Every structure is written in C-alpha cells, then in structure tokens.
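This report refers to the structure that appears directly beneath it.
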Amino acid sequence: MKINYRVILQDGLVLITVSTLFVVALSTGFKSFKKDVDLDAIVLALNQDSKDEFNAIVAKEPGPERLNRKDEFGRTPLMMAAYANYKDLKQREEMDSKRVSWIEILASSGADLNAVDKDGWTPLMFAAWSGMNLSVAKLVELGASVTPADRQGNTALSLAAFRGQVGIVKLLVEKGATKDAVTVKGKKALDLAQDGLKQYPERASEYSQVVELLL
Amino acid sequence: MIKAVTNYFSEFKVLKTASKEFWLVNAINFFDCLAYFSMINVLSLYLTSNIGFNDMSSGAWVGIYTLYITAFIFAVGSIADSIGLKKSFYIGMGFLFVSRLGLGVGPLFFKGEILKYFVMSMIILMSFGTAFMSPIVTTGLRKFTTKENRSTGFNIYYLIMNVAAIFAGFAVTDGFRNWLGDIKGNLAILDFGFVMSILCMLSAYWLNESNINPDEKVSEDAEKRPLKIFKEVWKESAFQKLVLFLFLTLGVRLVFTNQFLVMPKYYTRVLFADFDLGFANSINPFVIIVGLIVLIPVFNKFKTFSLMLWGMAISALSLLFMAVPIEWILKIPGITNVDQAYLFAIYAQITVFAFGELLFSPRFTEYTAIVAPKDKVASYMSLSALPMFIAKPINGFLGGALVASFSYEGIRPKIDSGNISYGDSPEFMWLIYFLAALVSPLAIWGMKKIINAEHARLETEKASAVAVATEADPA
C-alpha cells in the first residue's frame, strides 16, 4: 500500500489544532472557578520528603511570611505537615516519624504553631485527628496551645477521643487540655469517645482506654 | 449459567490453529494494557502529589492526555497498514518507552516549574504512543487471524484487555502503593510501565510480519481518513441524527470518564490515602467480563434502543449511592461508621454502574452500526468516538474543579468533625454529576421519535453482539 504522509500530517495538524483550541477554550472557561492555585511548593517538598527542596524555597523567600502562607482553605504548610490519613498503622507511624522532623524544621524557621484555618483548626488538631503521636508531642513541646476549639467546638482532645487515639488523649490530658469543652452538639470528649466505641466496635480496647482516661 | 460459560469458552477452540504472531500481538496487548491501566489509575494522584499540580490542573492534564489520544488515533488511523506492523509497534513503543521512563524518573532530576513543563511534554509524548498502540494491535489481530477465527480472536482481545485492567488494579496499582507508599508507589507504577514497554518491544521483535493471513483485506471504507469521512457524511440525515444522539449521550459519558479522572482522588480523600483504589477500579472490568460471558446472550433478546436507554439510566442512577447525604447511608442496618458508609456507597455505585455500562456500551456500538447506511458503517463507527473525544477534556476540567471544591485533600477530618455541610460535601459533587448524567436518558427518551426513526426501520437487520472493553479503554 502506498503511504501518504502528507495526508496523515495534514489530518494530524488539523485534529491537534482543534483539540488544542478546545482545551484552551475549556481552560479559559474554567478559570472562573478560581481553584487554579498550585500546591504550595513547601507542601510538595514535604510530600516528597525533600529537605533540599525546602531549603531552596526558604533561601529564596526567607522569613515567616512565606512559611505561614495559607491555601484557599486557610491551611499553612505546618498544618499539612501535621496531617496524614492512613488506615494502616505501620504506614501512619512511618509518616509520623518523617513528619515530626518537618514540624521541627518548620517551627524553627518561623511557622506559626497556633495558626488557624477557615474552620478554626490548628496544626495540633490536624495531628490529633491524624493519630500522629510523635507529631502531637513535638507540637506541644514546641509550645502549641492545647485549648483552641474549631467552629463546631471540637478541640484537639475531643478529636483524638473520637478517633480512639489513646497516646494522644493521655498526653493532652497531662498537658492540661480541658475534658469539659463542649461541641455545638453538646458533646464532651468523653461522649465522643463513647460514640467512637459504638461506631468502631473492633477497636473496643483502645476506646475503652480513652474512656477511662476521660472519666 | 454454566452453559453460557461453556459456550463462551468452547468458541476459543478455533484458536488452536492461530499463528504464533497472533499470540505475540495478544501478549503485546496484555503488557501494554497492564501498563496503561495501572498508570491511568494513579495519573491524577501522581500529578498532584508527586509533581505539585493543583486538582484542576491535574484533572485538566489527564483530560488533555485522553483527548490527544483520541485525536492522534484519528490522525494515525490505519498507519500500520501503510508502514508495517513491526515498524509501527517500534514507533509507538518508542514513544511510550521514553515517556513512561520520563514520568517515572523525572521528579528525581527536575524540580519546580521545570519539572511541570517536563511532565506536560512527557504526557503529550505518551498520548502519541498510546494512540499508536490501539489501532496497531487491532490491525495485527486482523492480519494474523483468518475469516474463521477472526471474531473469536477479537473476543480474546477484549477479554485480555479487561483481564489486564483487573490485574493492573489490584495487583500492580495496589501492590506498588502498599509496598512503597503512595508517593514512591506512583513513581514505581510508571517505571513498571516502562518495563512493560520493553517487553512489548521484545514481543514485537519476534513477530514475523510475512506470516499474515492471505485473505486479509481492508475495506476501502475503513482506509479513508477521518476528516475526509466527516466531509462526506455530515450532510446526511442519518448522520445528523446520529450526531444529535451522540451529543445527548454526553451527560452520561461524563460519568464514564470519572473512573480515572475523579475516583482516585475521591477514594483516597474521603477514605484513606492507603485505600486500595486499584481493587475498586478492578470491579468494573470484572463485572464486564462476567457480564460478557453470562448476560450478553440474554440481552440480545431485547431491543437495542431500549437497552441503551436502560443502560444510560442505570449508569446515571448509580451515582445516587454517592450523592445522597452520608447520614442516610449510616441508617442502613449493619453500617456503623463513616468508613463503612463510604465503602458501601463506592462499591454499590461501581457495581451498578458497571451493569449499566454493560447494557449501554455494546448496544451503542450496535446502534451506530445499524443506523449507518450499509456502505458507510466503518465511517459512522469511526466517528462514534466523538462523545468521548468531547467528554474526556470537559470532565478533566470539570472533575478537577469539582474535586478541588468538594473533595480536596484534608476534607475527611472536616467531615468527621461536622464542619462540612451537604452543599460543601463530596456527596454534593456527585449530585451535580448525577443531574448531568440524568439529562442523557431523559433527553434521548424525549426525542426518541426523531432519533429512533432510522433505527426502527433497521432494527430487523440487527448486527451481531459486539464485545465491550472497560470504559477506561484508551480509545
């Protein structure tokens, strides 16, 4: 069969031009969604556990302003460092041990330990929900407050209680977190731990320990 | 049921006479599909977590990738007939070899903006390679089968594609992500694709191109260029009705593209970062394989148009599982927590949707074939890819924007703590998709007299059952 490269090239150019124009039109149209802000380079560096990349960013833009830059949900890089969502305990512990060094670096570089996002969450609340024991301990050691509550009335203690995080509940109680804080639904940390027990019966032993600590 | 399974597999006996080349082409198809499906499962996650794209840009670039595949397929078309199979395989695999390696190791060498531009160029290169592969494999099958075993050969092709999609999900995607974690796992999956491209090249090397079947002949219609076809048929009434029909299917087609555009981020954000997303994405091709074997003979007893409508309606309605407030699902006996509620919603949607797809996709191909004038079936068939051509990039941007608003990284703690109202929740995102998808069956049902005019006349000339590949099929 005789090959006609000219026709193939011609068709290719037409189709690619049409496709590209289509993409450009869509891109322009969707700009109005205003969600087109790239991931913070610091968050990307911590996702990839690249301290060199972080140092390069900080060297380029020194000072706490860069470190406390918020995303559209009001979250700082320190909050993202204190957040992880793994079901597997081993993966969570591995992430915790990596993130604790990041928390130290970010805090020593000027990150605000008590910054709040649009819902009123602090880095400590993210770490408490995530079940990252080492990160919670490090944040508290560095001076993060244990008392703030979000707009629903949740505190770091009540989040840890609901998630059945024995070590974190113990630490926060020792550090003076109040057991009597009440959410807008009228629930204390103890009530939330009991809710957790009902919802996750397979983790009864952990929740029972949390309940005991909160009694 | 046992009879249906026995009938399906007994048909494969005819392949005893198939040549070594036929099986090599199938091996290439298997290796390439393993690489493609495992890569597409994590591409949007890779672009965000490994490269730093925001949700909208990552969705857009997955959309652009799939759009360019379709465009390049139109452009290169039957190039394998012209330059030869081996050469075509080497070209396609060459692009995939470079691009998959580039995506897999790029983040180790580049950073920041340079990395982003590098990845964009690799994605375009990869779309060119992927576009090469799909028509070359089908051309290879055509050339290395005889009139007697061609239909069975193509059934094997679809079976292998779906089996590869299953393995790519639970074995490759979940295997690497569970072993190396999500960030390194994504890179390993792309590197795995690079290794698969080497295996494909080796398989292509052993092909003996002169061993083609002598009765193999391409119809002139099939050889025509797509733009030429379009110029020829756009004024025909049957084609205009088909275009109207295709346009009306767009809503439900958006849902068909969600599996790789929206689902991976949705799963890992409302559940856990280590959720077995590959397993979830394996359910669709599994249901399709079972359906192909057991249900297709039953479906053949019903009218094509009705089955298509039911298929679209079921596909759209499947979204309701994920669109209703999660508190409603928590009321179902046996579901005690949010994790279980989301898992129930996700698995129910995937299963019901796959059933709808099973009804819709083969009938859609059949419908296109029977509304086309007899001498232009191939032309109409080649243009029937139009809805996916449009739906993929639209949903790339739309999905990205919706994920950024309703299923962003870090949403799960906020769901647990009561900070997310229904209007801000992932469920609301699915409600938007549900309404968009519902437009298709309703509009087609409302306009059935216009659309169905040609079809009613031709229903008696019903084409034979058509196999169906999983909707993440590159083409």
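Working only within the stretch A:135-161, note down all residues that are closer than 25 Å to residue A:98 by Cβ, open to solvent by 10 Å² or more (accessible area, probe 1.4 Å) and in contact with an Asp or Glu (Cβ under 7 Å, 6 or more places away or on another chain).
Matches in the stretch A:135-161: A:138 only.
Any residue that is under 19 Å from the mean Cα position of the chain (by Cα), β-branched (Val, Ile, Thr) and surrounded by fewer than 22 Cβ atoms within 10 Å (Cβ to Cβ) - is there at least one of those in the stretch B:112-123?
Quick first cut of the stretch B:112-123, residues under 19 Å from the mean Cα position of the chain (by Cα) only: B:123.
Narrowing the set further to residues that are β-branched (Val, Ile, Thr) leaves B:123.
Then drop every residue that is not surrounded by fewer than 22 Cβ atoms within 10 Å (Cβ to Cβ), which leaves B:123.
Yes, there is a match, as at least one residue in the stretch B:112-123 is under 19 Å from the mean Cα position of the chain (by Cα), β-branched (Val, Ile, Thr) and surrounded by fewer than 22 Cβ atoms within 10 Å (Cβ to Cβ).
Can you spot a residue in the stretch B:247-254 that is without any contact (Cβ under 8 Å) to a residue 60 or more places away in the chain, open to solvent by 20 Å² or more (accessible area, probe 1.4 Å) and out of contact with any Gly (no Cβ under 6 Å at 6 or more places or on another chain)?
For the stretch B:247-254, residues without any contact (Cβ under 8 Å) to a residue 60 or more places away in the chain, open to solvent by 20 Å² or more (accessible area, probe 1.4 Å) and out of contact with any Gly (no Cβ under 6 Å at 6 or more places or on another chain): absent.
Within the stretch B:390-397, does at least one residue satisfy the condition of being away from every other protein chain (no Cβ under 14 Å) and open to solvent by less than 30 Å² (accessible area, probe 1.4 Å)?
No, every residue in the stretch B:390-397 fails to be away from every other protein chain (no Cβ under 14 Å) and open to solvent by less than 30 Å² (accessible area, probe 1.4 Å).
Name every residue in the stretch A:162-174 that is open to solvent by 40 Å² or more (accessible area, probe 1.4 Å) and within 14 Å of chain B (Cβ to nearest Cβ), in order of residue number.
A:163
Could you list all residues from the stretch B:321-331 that are more than 14 Å from every other protein chain (Cβ to nearest Cβ) and surrounded by fewer than 18 Cβ atoms within 10 Å (Cβ to Cβ)?
Once the filter is applied, which keeps residues that are more than 14 Å from every other protein chain (Cβ to nearest Cβ) and surrounded by fewer than 18 Cβ atoms within 10 Å (Cβ to Cβ), the stretch B:321-331 yields B:324, B:325, B:328.
Looking only at the stretch A:175-202, filter to residues that are in a loop (DSSP other than H, G, I, E, B) and among the basic types (Lys, Arg); which one of those is nearest to the other protein chains (Cβ to nearest Cβ)?
A:185
Residue-wise test of (1) more than 7 Å from chain A (Cβ to nearest Cβ); (2) surrounded by fewer than 20 Cβ atoms within 10 Å (Cβ to Cβ); (3) free of Cβ contacts under 8 Å to residues at least 60 places away in the same chain.
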residue	(1), (2), (3)
B:407	yes, no, no
B:415	yes, yes, no
B:420	yes, no, yes
B:424	yes, yes, yes
B:437	yes, no, no
B:442	yes, yes, yes
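Quickly run through the stretch A:114-134 and pick out the residues that are open to solvent by less than 10 Å² (accessible area, probe 1.4 Å), part of a helix (DSSP H, G or I), farther than 11 Å from residue A:78 by Cα and in contact with a Ser or Thr (Cβ under 9 Å, 6 or more places away or on another chain).
A:125, A:128, A:129
Let me confirm something: among B:123, B:114, which residue is more than 10 Å from chain A (Cβ to nearest Cβ) and within 20 Å of residue B:390 (Cβ to Cβ)?
Numbers: B:114 fails: within 20 Å of residue B:390 (Cβ to Cβ).
Just one listed residue meets the conditions, B:123.
Just checking, which of B:275, B:302 is more than 16 Å from the chain's Cα centre (by Cα), surrounded by 24 or more Cβ atoms within 10 Å (Cβ to Cβ) and free of Cβ contacts under 8 Å to residues at least 24 places away in the same chain?
B:275
For the stretch A:40-83, which positions are farther than 21 Å from residue A:134 by Cα and facing chain B (nearest Cβ under 8 Å)?
Of everything in the stretch A:40-83, those that are farther than 21 Å from residue A:134 by Cα and facing chain B (nearest Cβ under 8 Å) turn out to be A:41, A:44, A:53, A:56, A:73.
Restricting attention to the stretch A:28-35, does a residue exist that is touching a residue at least 40 places away in the same chain (Cβ under 8 Å) and at negative phi?
So far as the stretch A:28-35 goes, no, none of its residues is touching a residue at least 40 places away in the same chain (Cβ under 8 Å) and at negative phi.
Counting only residues that are under 13 Å from the mean Cα position of the chain (by Cα) and of a type outside the set (Phe, Trp, Tyr), which one in the stretch A:120-131 is farthest from residue A:97 (Cα to Cα)?
A:122
So which residues in the stretch A:87-113 are modelled with pLDDT of 95 or more, part of a loop (DSSP other than H, G, I, E, B) and open to solvent by 60 Å² or more (accessible area, probe 1.4 Å)?
The one that is modelled with pLDDT of 95 or more, part of a loop (DSSP other than H, G, I, E, B) and open to solvent by 60 Å² or more (accessible area, probe 1.4 Å): A:112.
State all residues of the stretch A:69-86 that are under 14 Å from the mean Cα position of the chain (by Cα) and not in a helix (DSSP H, G or I); if no residue qualifies, say none. First the steps, then the outcome.
The first filter runs over the stretch A:69-86 and keeps only residues under 14 Å from the mean Cα position of the chain (by Cα), leaving A:70-86.
Listed by number, the residues that qualify are A:70, A:71, A:72, A:73, A:74, A:75, A:76, A:82, A:83, A:84, A:85, A:86.
What helices (runs of 4 or more DSSP H), lying completely within the stretch B:231-292, carry at least 3 residues that are within 21 Å of residue B:431 (Cα to Cα) and away from chain A (no Cβ under 14 Å)?
Working: elements: B:237-248, B:250-256, B:258-261, B:263-270.
Fully inside the stretch B:231-292 and qualifying: B:250-256, B:258-261.
What's the total number of residues in the stretch B:41-71 that are at the interface with chain A (Cβ under 9 Å from one of its Cβ atoms) and under 16 Å from the mean Cα position of the chain (by Cα)?
The total comes to 6.
The values are calculated or read from the model by the stated rules, or taken from the named source; none is laboratory data. Quick caveat, the model's predicted, so the values are computed rather than measured. Cβ atoms come from the backbone with ideal geometry, glycine included; neighbour counts cover every protein chain shown. Surface accessibility is based on the protein's heavy atoms, side chains included, excluding ligands, DNA and RNA. Shrake-Rupley method; radii C 1.70, N 1.55, O 1.52, S 1.80 Å.
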